[in-house]
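Okay, so here's the structure we're looking at.
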Amino acid sequence: MSKMTLYGIWLSGPTYKAGLALSLMGQPFAYKHVDLRAGAHKQPEYLAINRFGQVPALVDGELKLCQSGSILLYLADKFGKMGGKTAEETARVREWLFWEFDRLASNIYRPRAIKRGFMKADDNVHQMYVNQAGDALKVLDGALAKSDFLVGSEATIADVAVYGDVAYAEEAAIDLSPYPNVKAWMGRIEKLPGFKKYEDVLPKQDAA
Ligand SMILES: N[C@@H](CCC(=O)N[C@@H](CS)C(=O)NCC(=O)O)C(=O)O
(Lines give C-alpha, C1' and ligand atoms only; values in the text may rest on other atoms or scores of the structure.)
Protein backbone atom coordinates (compact mmCIF):
# COMPACT_ATOMS: atom_id res chain seq x y z
CA MET A 1 0.00 0.00 0.00
CA SER A 2 1.58 3.31 -1.04
CA LYS A 3 1.76 6.14 1.44
CA MET A 4 -0.85 8.85 1.48
CA THR A 5 0.32 12.42 0.86
CA LEU A 6 -0.68 15.26 3.14
CA TYR A 7 -0.62 18.77 1.67
CA GLY A 8 -0.35 21.64 4.10
CA ILE A 9 1.71 24.19 5.91
CA TRP A 10 3.25 23.56 9.32
CA LEU A 11 1.57 26.58 10.93
CA SER A 12 -1.93 25.40 9.96
CA GLY A 13 -4.17 24.00 12.68
CA PRO A 14 -6.41 22.02 10.31
CA THR A 15 -3.28 20.49 8.71
CA TYR A 16 -2.07 19.53 12.19
CA LYS A 17 -5.35 17.69 12.86
CA ALA A 18 -4.83 15.51 9.79
CA GLY A 19 -1.13 14.93 10.54
CA LEU A 20 -1.81 14.15 14.20
CA ALA A 21 -4.54 11.64 13.30
CA LEU A 22 -2.17 9.90 10.87
CA SER A 23 0.54 9.80 13.52
CA LEU A 24 -1.79 8.47 16.25
CA MET A 25 -3.05 5.81 13.84
CA GLY A 26 0.56 4.78 13.12
CA GLN A 27 0.38 5.75 9.43
CA PRO A 28 3.51 7.24 7.88
CA PHE A 29 2.70 9.81 5.20
CA ALA A 30 4.46 11.82 2.51
CA TYR A 31 4.17 15.58 2.84
CA LYS A 32 3.89 18.46 0.38
CA HIS A 33 4.45 21.98 1.62
CA VAL A 34 1.89 24.45 0.23
CA ASP A 35 3.31 27.96 0.36
CA LEU A 36 0.25 30.01 1.33
CA ARG A 37 2.28 33.24 1.46
CA ALA A 38 3.21 32.76 -2.21
CA GLY A 39 -0.44 31.96 -3.09
CA ALA A 40 0.31 28.35 -4.07
CA HIS A 41 -3.10 27.28 -2.72
CA LYS A 42 -4.90 29.38 -5.36
CA GLN A 43 -2.93 28.03 -8.34
CA PRO A 44 -4.67 25.63 -10.78
CA GLU A 45 -2.28 22.80 -9.86
CA TYR A 46 -3.36 22.91 -6.21
CA LEU A 47 -7.02 23.73 -6.95
CA ALA A 48 -7.12 20.43 -8.86
CA ILE A 49 -6.36 18.76 -5.51
CA ASN A 50 -8.51 20.95 -3.25
CA ARG A 51 -11.24 22.91 -5.06
CA PHE A 52 -11.65 25.19 -2.01
CA GLY A 53 -8.07 26.44 -2.29
CA GLN A 54 -7.24 25.69 1.32
CA VAL A 55 -5.00 23.39 3.29
CA PRO A 56 -5.03 20.59 4.24
CA ALA A 57 -5.61 18.11 1.45
CA LEU A 58 -4.93 14.40 1.62
CA VAL A 59 -4.27 12.31 -1.45
CA ASP A 60 -4.82 8.57 -1.15
CA GLY A 61 -4.20 6.94 -4.53
CA GLU A 62 -6.76 8.47 -6.90
CA LEU A 63 -8.73 10.05 -4.06
CA LYS A 64 -8.20 13.73 -3.32
CA LEU A 65 -9.70 14.73 0.00
CA CYS A 66 -10.10 18.02 1.83
CA GLN A 67 -11.67 19.57 4.93
CA SER A 68 -9.87 18.35 8.05
CA GLY A 69 -13.02 16.99 9.70
CA SER A 70 -13.87 14.97 6.63
CA ILE A 71 -10.26 13.75 6.38
CA LEU A 72 -10.40 12.58 10.01
CA LEU A 73 -13.63 10.68 9.33
CA TYR A 74 -12.09 9.10 6.22
CA LEU A 75 -9.01 7.95 8.15
CA ALA A 76 -11.07 6.54 11.01
CA ASP A 77 -13.16 4.59 8.53
CA LYS A 78 -10.23 3.41 6.41
CA PHE A 79 -8.13 2.16 9.33
CA GLY A 80 -10.98 1.20 11.66
CA LYS A 81 -9.42 3.31 14.40
CA MET A 82 -10.52 6.24 16.57
CA GLY A 83 -13.99 6.49 15.04
CA GLY A 84 -16.04 5.24 17.99
CA LYS A 85 -16.89 1.64 18.83
CA THR A 86 -20.67 1.68 18.40
CA ALA A 87 -23.16 3.47 16.14
CA GLU A 88 -23.92 5.84 18.99
CA GLU A 89 -20.24 6.60 19.60
CA THR A 90 -19.72 7.24 15.88
CA ALA A 91 -22.61 9.69 15.90
CA ARG A 92 -21.24 11.42 19.03
CA VAL A 93 -17.83 11.74 17.35
CA ARG A 94 -19.48 13.51 14.41
CA GLU A 95 -21.38 15.81 16.77
CA TRP A 96 -18.10 16.93 18.36
CA LEU A 97 -16.52 17.46 14.94
CA PHE A 98 -19.33 19.74 13.78
CA TRP A 99 -19.42 21.52 17.12
CA GLU A 100 -15.70 22.17 17.31
CA PHE A 101 -15.50 23.80 13.90
CA ASP A 102 -18.56 25.90 14.62
CA ARG A 103 -17.78 26.99 18.18
CA LEU A 104 -14.13 26.46 18.96
CA ALA A 105 -11.79 26.38 15.94
CA SER A 106 -12.27 29.91 14.57
CA ASN A 107 -12.44 31.38 18.05
CA ILE A 108 -8.93 30.09 18.70
CA TYR A 109 -7.42 30.20 15.21
CA ARG A 110 -8.45 33.80 14.51
CA PRO A 111 -7.10 35.36 17.74
CA ARG A 112 -3.94 33.29 17.16
CA ALA A 113 -3.69 34.72 13.63
CA ILE A 114 -4.10 38.22 15.10
CA LYS A 115 -1.43 37.62 17.76
CA ARG A 116 0.99 36.11 15.23
CA GLY A 117 0.41 39.00 12.82
CA PHE A 118 -1.18 36.89 10.06
CA MET A 119 -4.42 38.86 10.43
CA LYS A 120 -4.82 42.53 11.27
CA ALA A 121 -7.50 43.44 13.81
CA ASP A 122 -8.05 45.69 16.82
CA ASP A 123 -7.73 44.47 20.38
CA ASN A 124 -11.52 44.50 20.76
CA VAL A 125 -11.86 42.06 17.83
CA HIS A 126 -9.26 39.82 19.49
CA GLN A 127 -11.21 40.05 22.73
CA MET A 128 -14.48 39.13 21.01
CA TYR A 129 -12.90 35.88 19.77
CA VAL A 130 -11.38 35.20 23.18
CA ASN A 131 -14.79 35.64 24.82
CA GLN A 132 -16.43 33.28 22.33
CA ALA A 133 -13.65 30.75 22.81
CA GLY A 134 -14.30 31.02 26.55
CA ASP A 135 -17.95 30.06 26.07
CA ALA A 136 -16.91 26.98 24.09
CA LEU A 137 -14.11 26.05 26.50
CA LYS A 138 -16.62 26.13 29.36
CA VAL A 139 -18.78 23.58 27.53
CA LEU A 140 -15.72 21.47 26.78
CA ASP A 141 -14.50 21.62 30.37
CA GLY A 142 -17.93 20.50 31.60
CA ALA A 143 -17.92 17.50 29.25
CA LEU A 144 -14.40 16.53 30.27
CA ALA A 145 -15.34 16.64 33.96
CA LYS A 146 -17.36 13.48 33.32
CA SER A 147 -14.99 11.40 31.21
CA ASP A 148 -11.34 11.00 30.24
CA PHE A 149 -12.01 11.41 26.52
CA LEU A 150 -14.80 13.10 24.57
CA VAL A 151 -16.52 9.92 23.39
CA GLY A 152 -16.35 6.49 25.02
CA SER A 153 -13.37 5.35 27.04
CA GLU A 154 -10.61 5.86 24.44
CA ALA A 155 -9.34 8.73 22.31
CA THR A 156 -11.18 9.27 19.05
CA ILE A 157 -10.86 11.66 16.12
CA ALA A 158 -13.15 13.98 18.11
CA ASP A 159 -10.32 14.39 20.62
CA VAL A 160 -7.86 14.92 17.74
CA ALA A 161 -10.00 17.67 16.20
CA VAL A 162 -10.58 19.47 19.48
CA TYR A 163 -6.95 19.08 20.56
CA GLY A 164 -5.98 20.62 17.20
CA ASP A 165 -7.82 23.76 18.34
CA VAL A 166 -6.84 24.06 22.00
CA ALA A 167 -3.19 23.32 21.19
CA TYR A 168 -3.04 26.90 19.85
CA ALA A 169 -4.72 28.60 22.84
CA GLU A 170 -1.47 29.91 24.27
CA GLU A 171 -0.43 31.41 20.91
CA ALA A 172 -3.88 33.02 20.77
CA ALA A 173 -3.33 34.54 24.24
CA ILE A 174 -6.18 32.47 25.64
CA ASP A 175 -5.64 31.43 29.24
CA LEU A 176 -6.61 27.80 29.83
CA SER A 177 -6.20 27.93 33.61
CA PRO A 178 -9.98 28.38 34.23
CA TYR A 179 -10.48 25.02 32.47
CA PRO A 180 -8.65 22.40 34.57
CA ASN A 181 -10.44 19.44 32.96
CA VAL A 182 -9.35 20.62 29.52
CA LYS A 183 -5.76 20.91 30.73
CA ALA A 184 -5.84 17.43 32.30
CA TRP A 185 -7.32 15.96 29.10
CA MET A 186 -4.60 17.65 27.00
CA GLY A 187 -2.08 15.87 29.21
CA ARG A 188 -3.79 12.54 28.47
CA ILE A 189 -3.77 13.21 24.70
CA GLU A 190 -0.09 14.14 24.86
CA LYS A 191 0.69 10.73 26.40
CA LEU A 192 -0.96 8.72 23.60
CA PRO A 193 1.42 6.58 21.52
CA GLY A 194 2.21 8.46 18.31
CA PHE A 195 1.38 11.89 19.76
CA LYS A 196 3.48 14.74 18.41
CA LYS A 197 3.35 18.52 18.77
CA TYR A 198 2.52 20.40 15.59
CA GLU A 199 6.11 21.44 14.93
CA ASP A 200 7.14 17.78 15.08
CA VAL A 201 4.36 16.20 13.04
CA LEU A 202 4.35 18.69 10.14
CA PRO A 203 7.57 19.11 8.16
CA LYS A 204 8.49 22.63 7.06
CA GLN A 205 9.23 21.43 3.50
CA ASP A 206 8.30 18.52 1.25
CA ALA A 207 9.03 15.12 2.78
CA ALA A 208 8.99 11.70 1.15
N1 LIG B 1 -12.57 23.96 7.35
C2 LIG B 1 -11.25 23.83 6.75
C3 LIG B 1 -10.44 25.06 7.08
C4 LIG B 1 -9.12 25.07 6.38
C5 LIG B 1 -8.42 26.40 6.52
O6 LIG B 1 -8.95 27.38 7.07
N7 LIG B 1 -7.18 26.43 6.06
C8 LIG B 1 -6.43 27.67 6.03
C9 LIG B 1 -5.04 27.48 6.61
S10 LIG B 1 -5.11 27.10 8.32
C11 LIG B 1 -6.23 28.10 4.59
O12 LIG B 1 -6.00 27.28 3.72
N13 LIG B 1 -6.32 29.41 4.38
C14 LIG B 1 -6.15 29.98 3.09
C15 LIG B 1 -7.46 30.37 2.47
O16 LIG B 1 -8.52 30.02 3.01
O17 LIG B 1 -7.40 31.01 1.43
C18 LIG B 1 -10.58 22.56 7.27
O19 LIG B 1 -10.85 22.18 8.41
O20 LIG B 1 -9.81 21.93 6.55
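Beta carbons closer than 6 Å, at least 6 apart along the sequence or on distinct chains, pair a first residue in the stretch 15-39 that is of a type in the set (Phe, Trp, Tyr) with a second that is within 14 Å of the ligand (Cβ to nearest atom) for TYR16/GLY164; TYR16/TYR198; PHE29/LEU6; TYR31/LEU6.
Tell me, which residue of the stretch 21-37 that is small (Gly, Ala, Ser) and outside any strand (DSSP E or B) is nearest to the ligand (Cβ to nearest atom)? Filtering first and then ranking leaves ALA21. The number of residues in the stretch 51-66 being within 16 Å of ALA30 (Cβ to Cβ) and more than 8 Å from the ligand (Cβ to nearest atom) comes to 9. Once the stretch 67-77 is narrowed to residues that are surrounded by fewer than 20 Cβ atoms within 10 Å (Cβ to Cβ) and within 13 Å of the chain's Cα centre (by Cα), the residue that is nearest to the ligand (Cβ to nearest atom) is GLN67. Say we look at the stretch 79-94 and pick out the residues that are without any contact (Cβ under 8 Å) to a residue 60 or more places away in the chain and under 22 Å from PRO28 (Cα atoms); which of these is surrounded by the fewest Cβ atoms within 10 Å (Cβ to Cβ)? Per the criteria, the residue is GLY80. Scanning the stretch 56-77 for residues that are of a type in the set (D, E, K, R), closer than 27 Å to LYS204 by Cα and either out of contact with any Lys or Arg (no Cβ under 8 Å at 6 or more places or on another chain) or in the same structural domain as ALA143 (by TED's automatic domain parsing) (or both) turns up GLU62, LYS64.
The values are calculated or read from the model by the stated rules, or taken from the named source; none is laboratory data. Just so we're clear, the structure is a prediction, and the values are computed from it rather than from any experiment. Virtual Cβ from ideal backbone geometry, glycine too; neighbours counted across all protein chains shown.
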